[in-house]
Amino acid sequence: MAIPVIDFSKLDGEERADTLAQIANCCEEWGFFQLINHGISEELLERVKKVASECYKVEREEGFKKSKPVQLLNELLERKNGGDHDEKVENVDWEDVFLLSDENDDQWPPKTPGFKETMKEYRIELKKLALRVLETMDENLGLPKGYLNKAFNGGQDSKNAAFFGTKVSHYPPCPHPEKVTGLRAHTDAGGVILLFQDDEVNGLQILKDGAWIDVQPMRNAVVINTGDQIEVLSNGRYKSVWHRVLARPDGNRRSIASFYNPSYKAVIAPSPELLAAEAAQGAVVEEEEVVKDSSSSGAKYPKFVFEDYMNVYAEQKFLPKEPRFLALKAI
Ligand code: OGA
Ligand code: NI
């Protein structure tokens, strides 16, 4: 089984209705899909790959194989191996990360030629794509155009604007991939995630119907997935699904995940429009799905401030999401 692939350019043509339906199915059944013909030029994507690969070699002072994070990971594994040989190394990810946002651009990898210019250009294009993807979700959910993006923006104040962050990751070759995970299983906390993964080295998997399925590498495709906040806003129609990255014995996997998230101040809740539509259809709320007693509204999730959610998530990222909703103080 493979993750569905959507030709995004068909949204602008005769096959629009069919493409929208395919995207709706991906959001409802998969939580993950791959976009091709998404409008970001091959030329730009090739440059992004180049600077992302180079930055790993250039920025880590000790060089690629002996970078500090990799040294630390290796030490950890060796220490563990000194004890129980079959023991898994817990509470660690075999991942080396550079975080980029508009706010920290003075700290972006400085030594890699072209990194900053290229990643700025890429982030502008990707953010536009994020908004287009959100609009297809608005349309599929029967919400007014721009609804989800507005929900992510906590009001007029630009300080409360939606947040767009990029994580440039490398998953270095791991001597004991059976003992450690590249990135432990989790669901993403935020809104919509756009992932530009390695052309060749695989490792990303999603949990579907109880089985782990590979997100197959596809040259220059953008992988989309929906985070916990989309699940809440859609009242559970769109699920935020478990995924993980396996460590690999050879191959340095590069991935660039960009997160379009609500502002910390944004108030997130199931869309009242959707609740009204569901009530009109006489939708039955299944008892076990209700994570908050929400009386007769049909809401399966509480209403909360995103910052409060992130505080819980920081402690519980690698645990099931349902207790996170329960832990929130509803407002
Ligand atoms: C993440 C994530 C996947 C990857 O950063 O949340 O799931 O392939 N990344 O790096
Ligand atoms: Ni993730």
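The values are calculated or read from the model by the stated rules, or taken from the named source; none is laboratory data. As the structure is a prediction and not an experimental result, all values here were calculated from the model. Here Cβ is always computed from backbone atoms with ideal geometry, including for glycine, and neighbour counts include all displayed protein chains. Calculation scope for accessible area: heavy atoms of the full protein, side chains included, ligands and nucleic acids excluded. Shrake-Rupley method; radii C 1.70, N 1.55, O 1.52, S 1.80 Å.
Quick notes on this structure:
- The residues listed here are ARG253, ARG248; of these, the one that is within 14 Å of ligand 1 (Cβ to nearest atom) and surrounded by 23 or more Cβ atoms within 10 Å (Cβ to Cβ) is ARG253.
- Any hit, the range 85-94, residues being on the phi < 0 side of the Ramachandran plot, among the charged types (D, E, K, R) and either open to solvent by less than 50 Å² (accessible area, probe 1.4 Å) or at pLDDT 90 or above (or both): yes
- Breaking point among (1) modelled with pLDDT under 95; (2) open to solvent by 70 Å² or more (accessible area, probe 1.4 Å); (3) not in a helix (DSSP H, G or I); (4) not aliphatic (A, V, I, L, M), for LYS57: (3)
- Qualifying residue in the range 197-209 (condition: within 11 Å of ligand 2 (Cβ to nearest atom), crowded, with 24+ Cβ neighbours inside 10 Å, more than 22 Å from LYS57 (Cβ to Cβ) and among the hydrophobic types (A, V, I, L, M, F, W, C)): yes
- Residue match in the range 112-123 (condition: free of Cβ contacts under 8 Å to residues at least 24 places away in the same chain and in contact with an Asp or Glu (Cβ under 9 Å, 6 or more places away or on another chain)): yes
- Pick from the range 256-284, criterion open to solvent by less than 20 Å² (accessible area, probe 1.4 Å) and β-branched (Val, Ile, Thr), ranking: farthest from ligand 2 (Cβ to nearest atom): ILE268
- ASP228 vs. criteria within 13 Å of ligand 2 (Cβ to nearest atom) and either charged (D, E, K, R) or in contact with a Cys (Cβ under 6 Å, 6 or more places away or on another chain) (or both): yes
- Close Cβ contacts (under 8 Å, 6 or more residues apart or on different chains) running from residues in the range 162-191 that are under 18 Å from GLU78 (Cβ atoms) to residues that are part of a strand (DSSP E or B) and within 9 Å of ligand 1 (Cβ to nearest atom) comprise CYS174/GLY182; THR181/ARG244; THR181/VAL245.
- Taken over the range 234-245, the criterion of being crowded, with 21+ Cβ neighbours inside 10 Å and within 16 Å of ligand 2 (Cβ to nearest atom) is satisfied by TYR238, SER240, HIS243, VAL245.
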